[in-house]
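Beneath this line is the structure, given in structure tokens, with notes to follow.
Values quoted throughout were computed directly from the atomic coordinates according to the rules given, and no laboratory measurement underlies them. As the structure is a prediction and not an experimental result, all values here were calculated from the model. Using ideal geometry, Cβ is built from the backbone for each residue, glycine included, and neighbour counts are taken over all protein chains shown.
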Amino acid sequence: MQKDSVLLGFDVGGTKLGIGLGTSSGRILSGWRMPNVNTRPEEVLPRIAAEAERMVKEQKLEMSDVAAFGISAPFPADARRGIMLEPPNNPLWRNVPILEYLSDALRIPGTFENDANSAALAEWYFGAGRGCENMIYLTMSTGIGGGIISSGRLVRGGAALSAGEVGHICVQVGGRKCSCGQEGCYEAYAGGRAVALRMREELSGKPESLIMRLAGGDPEKVDMIVLEKAVRAGDPYALALWDEIALRNAQAMGTLINLLNPEKIILGTMAWAIGELYTDPIRKYLPRFCWKEPREACDIVGSGLRREISSFAGIAAALNYLNERENPSGRDENV
Ligand SMILES: [Zn+2]
């Protein structure tokens, strides 16, 4: 893209829905948010279309000045047709053709991208991944989502467009049960929700443990934040669990490094919120899982956009859509 195009981004989350109006150079012109708990799509879709119109007008622009829109939304979805199938946390959203609806309502071209891919695109265009040809973004939140940029393209895969589901690589045969139904997934060892469930299981009936005390005796309050506090306090159970999480992170990231030889692995939520206490032990274990050359060529860094990443996700998906439309083969046509 040569000129600074205006883009609209829709970030459809399980608890919040956001709209961002921004530019291809990463300037956010305006943003808007609403809670998205127990909402009905037949009410939400007209509302977000109207809000988008209002935001564009407020900038003294017409909708025809907006080059494209991008929707960042969770799987499971029919990403090709832009249909949200059964998003987690939104029981009333079933088979919602959000891409078609917004295309008709806004009368501009648009695209649908899963949320982890959109976040990877956001870091690639506007965050810590700028200038990379090969990078991987891992969400490191309640679950572990992934987005892969390889040889300067987003990797989507084939029929299911499900490439990048790094959290569901099996790291332990017959291992811990994952929310996806498989056993031994990476997410089952290092995802925030899975770690919290594991601590609740292992510490039930142990009110004297530091983690239970830090949670005020309420198992529901046992989470990664409590675990981090217990690690910093030197609690032996917390330290052992922390070490195992680091080992599993290194196993998964080392596999990705050998597979894709990325310049950067960019880590979301937990990594930037916790800092070196989280990333240093991963680096310590990495030599067990990947070769020296690609390891030394890869930086493991926290998200550059941090909390702002959702504001950029849909906009980055829109920008990538325009770039792919301009260069559909992904190859330099002069070669
Ligand atoms: Zn899984």
> Out of all the residues in segment 96-115, which are under 12 Å from A316 (Cα atoms) and assigned to a helix (DSSP H, G or I)?
Replying inline: D115
>> Please count how many residues of segment 173-194 are of a type outside the set (D, E, K, R), more than 10 Å from the ligand (Cβ to nearest atom) and touching a residue at least 40 places away in the same chain (Cβ under 8 Å).
In response: 3
>> Looking only at segment 195-211, count every residue that is part of a loop (DSSP other than H, G, I, E, B) and either surrounded by fewer than 17 Cβ atoms within 10 Å (Cβ to Cβ) or near the ligand (Cβ under 9 Å from one of its atoms) (or both) and tell me the total.
In response: 5
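Please indicate, with yes or no, whether at least one residue in segment 53-65 is under 19 Å from E113 (Cβ atoms), surrounded by 12 or more Cβ atoms within 10 Å (Cβ to Cβ) and touching a helix residue (DSSP H, G or I) at 6+ places or on another chain (Cβ under 6 Å).
Keep residues of segment 53-65 that are under 19 Å from E113 (Cβ atoms), which gives none.
Within segment 53-65, none of the residues are under 19 Å from E113 (Cβ atoms), surrounded by 12 or more Cβ atoms within 10 Å (Cβ to Cβ) and touching a helix residue (DSSP H, G or I) at 6+ places or on another chain (Cβ under 6 Å).
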> Does segment 135-193 hold any residues that are aliphatic (A, V, I, L, M) and part of a strand (DSSP E or B), and which are they?
Replying inline: M135, I136, L138, I148, I149, L154
>> Could you tell me how many of the residues in segment 264-293 are surrounded by fewer than 17 Cβ atoms within 10 Å (Cβ to Cβ), in contact (Cβ under 8 Å) with a residue 24 or more places away in the chain and either acidic (D, E) or under 27 Å from R153 (Cβ atoms) (or both)?
In response: 1
>> Can you tell me which condition G167 does not meet? The list is (1) away from the ligand (no atom under 12 Å from the Cβ); (2) free of Cβ contacts under 8 Å to residues at least 60 places away in the same chain; (3) under 20 Å from T269 (Cβ atoms); (4) not aromatic (F, W, Y), and all the others hold.
In response: (1)
